[in-house]
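Read the structure below first, then the notes.
The values are calculated or read from the model by the stated rules, or taken from the named source; none is laboratory data. Quantities reported herein were computed from a predicted structural model and do not represent experimental measurements. Positions of Cβ are generated from backbone atoms using ideal geometry, with glycine treated the same way; all protein chains shown enter the neighbour counts.
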Number of protein chains: 2
Amino acid sequence: MKMTPLITSAVMHFGEMGSRWGFNRTVGQILALIVLNEEPITAQEISDALNISRGNTSMGLKELQSWRLVKQHLVPGERKDFFIPAGDIWTLANRVFEERRKREIDPTMSLLRDLLLDTPATDKEANAQHKLNEIHDLLESITVWSEELQNLGPEKLNTLMKLGSGVGRMLELKDKLLPGKNSVN
Amino acid sequence: MKMTPLITSAVMHFGEMGSRWGFNRTVGQILALIVLNEEPITAQEISDALNISRGNTSMGLKELQSWRLVKQHLVPGERKDFFIPAGDIWTLANRVFEERRKREIDPTMSLLRDLLLDTPATDKEANAQHKLNEIHDLLESITVWSEELQNLGPEKLNTLMKLGSGVGRMLELKDKLLPGKNSVN
DNA sequence: ATAAACTTTCAGTAATTTCTGAAACTTCAG
DNA sequence: CTGAAGTTTCAGAAATTACTGAAAGTTTAT
């Protein structure tokens, strides 16, 4: 499983970026390797290609599976586990968004809900609570919306994205189109 | 500048979450404190309230300014610098998205562009390059779209988000509405 | 020009996160 | 049941990242 120069560059870069995307260097490298390799690949091959310990590889694969980005692929007649991407690029990107939302937004929403139940003791607190409420509502909108976008499915989502600034025009016309939907806000 | 229990809880939580949001614990705490405090606050007050060194506070404020999340606020007749949020909650959220896009997507786009210029040496490389191209296109769509959403401004963005699943129905009707916009993809 | 009031920088230290590798565990063929 | 082939766990080591505090720098009033 030697890596070509092109794959090496890409793998190294995804390693560097890994930490910004919510996982660590080796996890990023492993993901890139699995995605860029057309064939299923074993944990041992990953260890060798990336020069990382077998233990670290195992941890990395476990984490990637918890993110639902890679999955096991059983090869008949083989004892070892092979790994492949858990879907196409779109699916993977969706999964990353979703997981990150869970890690980055949900815990805050939960805390904010709790804090908003308390009765403010002072004006200062009332003011802070009001701000926290704004944050809560914003995060909730983002969460709900991102779920709805995901439910659209890749094709429609792609249409929407490619629509670009046309969205603005569409919104201006929406009242005519979708009567009853304009009562929000 | 003593913090009330409510503010303390929120500040601590934003500190914990900080690292997931792209900055470190103290930077998260400082941001929360500035946002939740209705009055402008000095670097010294921040140091005292959070029990962190003056140096660390200075670094944190510098970083928050580089993210354009807080700004200085000059109080007439005062020598010290006071700090306040750089806008309302919506603005701040937008800034976070934008900065993160710059840090998380742009460098990868740039590398991918370079790698796509190389002529693949083998089938294996050609396959990998094809995948990289898919990733590049996806990231580009995301970038372009997020810019367009920002240009809509908060009100329209809010309308769009609140529209929720109505978006799906609207997309089905869009061809009738916006002829010529359906030629993409 | 001086000094008081405040801010920033940065070398060293502390805290946290990631990685290794050996031991424990699992699975399966014979 | 045994052992070979493979995987996982986890304590400690290494690497990275964040923090402190003292020294250097800046600004402004006089």
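One table, with the values for the structure above:
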read-out	value
Residue within region A:90-100 that is surrounded by 15 or more Cβ atoms within 10 Å (Cβ to Cβ) and over 30 Å from B:Glu16 (Cα atoms) present	yes
Pairs with Cβ under 8 Å, 6+ apart, first in region A:139-150 and closer than 18 Å to B:Met17 by Cβ, second not in a helix (DSSP H, G or I)	A:Leu139/A:Ile105; A:Ile142/A:Ile105; A:Thr143/A:Ile105
Residue ID - nearest to A:Lys102 (Cα to Cα), chosen from residues in region A:20-32 that are more than 10 Å from every other protein chain (Cβ to nearest Cβ) and of a type outside the set (S, T, N, Q)	A:Phe23
Of the criteria (1) assigned to a helix (DSSP H, G or I); (2) within 16 Å of DNA strand C (Cβ to nearest atom); (3) more than 24 Å from B:Asn94 (Cβ to Cβ), which one A:Glu99 fails	(3)
A:Gly18 being within 13 Å of DNA strand C (Cβ to nearest atom), modelled with pLDDT under 95 and surrounded by 16 or more Cβ atoms within 10 Å (Cβ to Cβ)	yes
Which listed residue is at pLDDT below 95, surrounded by fewer than 16 Cβ atoms within 10 Å (Cβ to Cβ) and under 23 Å from B:Ser9 (Cα atoms), from A:Asp175, A:Asp114, A:Asp123	A:Asp123
Residues located in region B:152-163, provided they are touching a Ser or Thr at 6+ places or on another chain (Cβ under 9 Å) and within 7 Å of chain A (Cβ to nearest Cβ)	B:Leu152, B:Asn158, B:Met161, B:Lys162
Qualifying residue in region A:38-61 (condition: among the aliphatic types (A, V, I, L, M) and more than 16 Å from DNA strand C (Cβ to nearest atom))	yes
Residue satisfying all of: in region A:43-55; surrounded by fewer than 17 Cβ atoms within 10 Å (Cβ to Cβ) and in contact (Cβ under 8 Å) with a residue 24 or more places away in the chain; farthest from B:Glu104 (Cα to Cα) among these	A:Gln44
Test for A:Lys131: is it more than 16 Å from DNA strand C (Cβ to nearest atom), within 10 Å of chain B (Cβ to nearest Cβ) and within 30 Å of B:Met3 (Cβ to Cβ)	yes
Answer from B:Val11, B:Val70, B:Val27, B:Val35 - the residue that is surrounded by 16 or more Cβ atoms within 10 Å (Cβ to Cβ) and under 15 Å from A:Thr108 (Cα atoms)	B:Val11
Candidates A:Ile89, A:Ile84 - the one that is within 24 Å of the chain's Cα centre (by Cα), facing chain B (nearest Cβ under 8 Å) and of a type in the set (A, V, I, L, M)	A:Ile89
So B:Leu112, is it more than 13 Å from the chain's Cα centre (by Cα), away from DNA strand C (no atom under 16 Å from the Cβ) and within 11 Å of chain A (Cβ to nearest Cβ)	yes
Test result for B:Ala86, away from DNA strand C (no atom under 12 Å from the Cβ), in contact (Cβ under 8 Å) with a residue 12 or more places away in the chain and either closer than 22 Å to A:Asn133 by Cα or surrounded by fewer than 14 Cβ atoms within 10 Å (Cβ to Cβ) (or both)	yes
